[in-house]
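These notes are about the structure you will find just below.
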C-alpha cells in the first residue's frame, strides 16, 4: 500500500509540477473522475471482458491438464506433443489473433479462444512437470495394492500436480485479461479493448488511463483469487513453509 500511495503521489506531482494537459497525461484525480462518470458505460464493457477471460481460463485449464496427462502417459505421446506445444508459443499473439478472428468470427468465441491460446501453455507445462516429479515407488506401491489407473490419478498424481497447476494458473490469470483485450482491439463491439480503442480515437486519455487501471485491478483480482484457492487446495505447502 505504501508503494502504491507513493506511486500515485509521484504521478500527481508530475502532472501538477509540469502542468501537463489532460490529453497528454491525466492526473489520478481526473482518471478516477472519468471512471465514476463513465461507470454506466464502462460496466457492460467490463462484464464482456470478464466473461471472455473466465471462459478462456476454464478452457485453457481443461486443455492444459489434458495435454499434460497425454504427455505423461508415455514417452511416445510426450515426444509427439511437446515440440508443437513449445513451438505454439513462438507464434506472435498479434499474428495468430487475427487468424482466429477470421476463422471464428468477431463474436465471443474468438475472444475465448485467444485467451485460451495465451493461457494454456503455463498450465500444461507446470502440470506435466508435476507428473514427472511423482516418485515411481509410490506408483508401484499403489499398483501393488490393487489401485486402478483412476485411483492413481486421484490419490497420487493429482495431489502431486496441484502445486504446479496452481503456479501455472497464476501466470495464466495475469495474461488472460491481456488476451481478451487484444481480441477486442482487433474486432468486436463490446469489451474493455473496444472501450480503450474508442477512448484513444477521441483523445480521451483520462478514459484510457481509467480503463488501464480497471484492467490492472482485474488481473490482480484474478491472481489473488487463484492464489487463495491454491492455498486452500494445497494446505500442506503452507504447513511446510511455516515449519
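The table below lists the values:
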{"item": "Between region 161-222 and region 53-102, the Cα center-to-center distance that results, in Å", "result": "21 Å"}
{"item": "Kirkwood hydrodynamic radius of region 143-243, Cα pairs, Å", "result": "16.6 Å"}
{"item": "Three semi-axes of the equivalent ellipsoid, region 102-194, Cα gyration tensor, whole Å, largest first", "result": "39, 13, 8"}
{"item": "Between 0 and 90°, nearest 10: helix 28-37 axis offset from the chain longest Cα axis", "result": "90 degrees"}
{"item": "The chain: angle of helix 205-233 to the longest principal axis, Cα-based, in degrees nearest 10", "result": "20 degrees"}
{"item": "Residue-averaged [θ]222 nm for the chain, counting only DSSP H segments that reach four residues, each worth -39500 (n - 2.57)", "result": "-28000 deg cm²/dmol"}
{"item": "Gained length - residue 14 relative to residue 216, 0.36 nm times residue gap less alpha-carbon distance", "result": "70.6 nm"}
{"item": "Calculated diffusion of the chain, Stokes-Einstein form, Kirkwood radius summed over Cα pairs, 37 °C and 0.692 mPa s, µm²/s", "result": "161 µm²/s"}
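Every read-out reported here was derived from the displayed coordinates using simple, explicitly stated rules and does not represent laboratory data. Values in this document were obtained by computation on a predicted structure and should not be read as measured data.
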